[in-house]
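The structure under discussion appears below in the form of structure tokens.
Throughout, read-outs are computed from the coordinates displayed, never taken from laboratory work. Everything numeric in this text was worked out from a predicted model, so none of it was measured. Methodologically, a virtual Cβ is constructed for each residue, glycine included, from the backbone with ideal geometry; neighbour enumeration extends over all protein chains shown.
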Amino acid sequence: MKAGDREKGPWPQVVKRGSFTAKIYRLSKTVKGTRYEVFRLGYYDPSGKRVLKDFGDLGGARQAAQDAAGSFGLGRPDALSFTPEERRDFEAAMSLLSPLGLTAYTGAVALTQALAALPPGTELLAAVQDFARRHPANAPKVTVSQAVDDFLEDR
């Protein structure tokens with residue numbers, strides 16, 4: 001234990017930033033007859049699961065609490081629960097969605113709505129290509145009266 005770790009004051013200590021709250025508890029453990037002071041950091045991750053981490057010094061527990069609070073404060077509460085592979089996939093997905101003005105959530109909503117609207121067995125890309133072929137973006141705008149005139153002229 002370091003000299004500055006034995007602070008007086010209320011325990012548990014609370015670290016709060018925005019909607020994130022963590023608590024640091026001061027405990028003691030005895031291992032092979034030797035008593036150690038342990039600082040336990042506790043908070044809830046974005047899925048609601050309780051996270052507990054033990055530290056040998058108060059400074060380490062405070063730093064971990066600040067790091068966790070910082071991730072929540074940056075609007076990235078999920079950053080604490082992503083595996084490296086999930087983080088890579090998320091960043092790749094965002095690089096595809098961002099130019100379209102979509103967030104991960106709005107992209108997922110649009111995709112699931114589009115897939116749910118298709119008949120079973122229909123691929124989304126095939127449906128979109130068929131729609132684009134039948135409704136070209138650069139098709140001339142024709143009024144009903146112009147279409148009738150064109151039809152009568154053709155007959």
Open item on the list: Counting only other residues whose beta carbon sits under 9 Å from that of Ala61, what net charge do I get with K and R as +1, D and E as -1?
Closed with: +1
Open item on the list: Per-residue counts of other Cβ atoms within 10 Å, averaged by peptide: what ranking do you get for 144-154, 30-40, highest first?
Closed with: 30-40, 144-154
TODO: Could you go through the range 142-155 in sequence order and give the Karplus-derived ³J(HN,Hα) for each residue, using 6.51 cos²θ - 1.76 cosθ + 1.60 with θ = phi - 60°, rounded to whole Hz, and x for Gly and Pro?
DONE: 10, 7, 5, 5, 5, 5, 5, 4, 4, 5, 5, 5, 5, 7
- [ ] Output the peptides 58-67, 92-101 sorted from most to least packed, where packing is the average of other Cβ atoms within 10 Å over each peptide's residues.
- [x] 58-67, 92-101
TODO: Could you check the simple spin-label distance between Lys29 and Leu125, using points 7 Å along Cα→Cβ, in nm with one decimal?
DONE: 5.2 nm
Task: Sites Met94 and Val14, calculated FRET efficiency, Cβ-Cβ separation with R0 35 Å, nearest 0.05 - done: 0.60
Task: 17 Å Cα-Cα reach of Lys141 towards aspartates and glutamates, excluding residues that sit fewer than 8 places from it in its own chain - done: Asp149, Asp150
Open item on the list: For the chain, compute Rg over Rh where Rg is the Cα radius of gyration and Rh is the Kirkwood radius from the inverse mean 1/r over Cα pairs.
Closed with: 1.36
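Please work out how much length the chain gains when fully extended from Arg133 to Ala114, using 0.36 nm per residue of separation minus the C-alpha to C-alpha distance, in nm with one decimal. Display every interim value, and only then the final one.
Working: separation 19, 0.36 × 19 = 6.84 nm, distance 1.78 nm.
Result: 5.1 nm gained on full extension.
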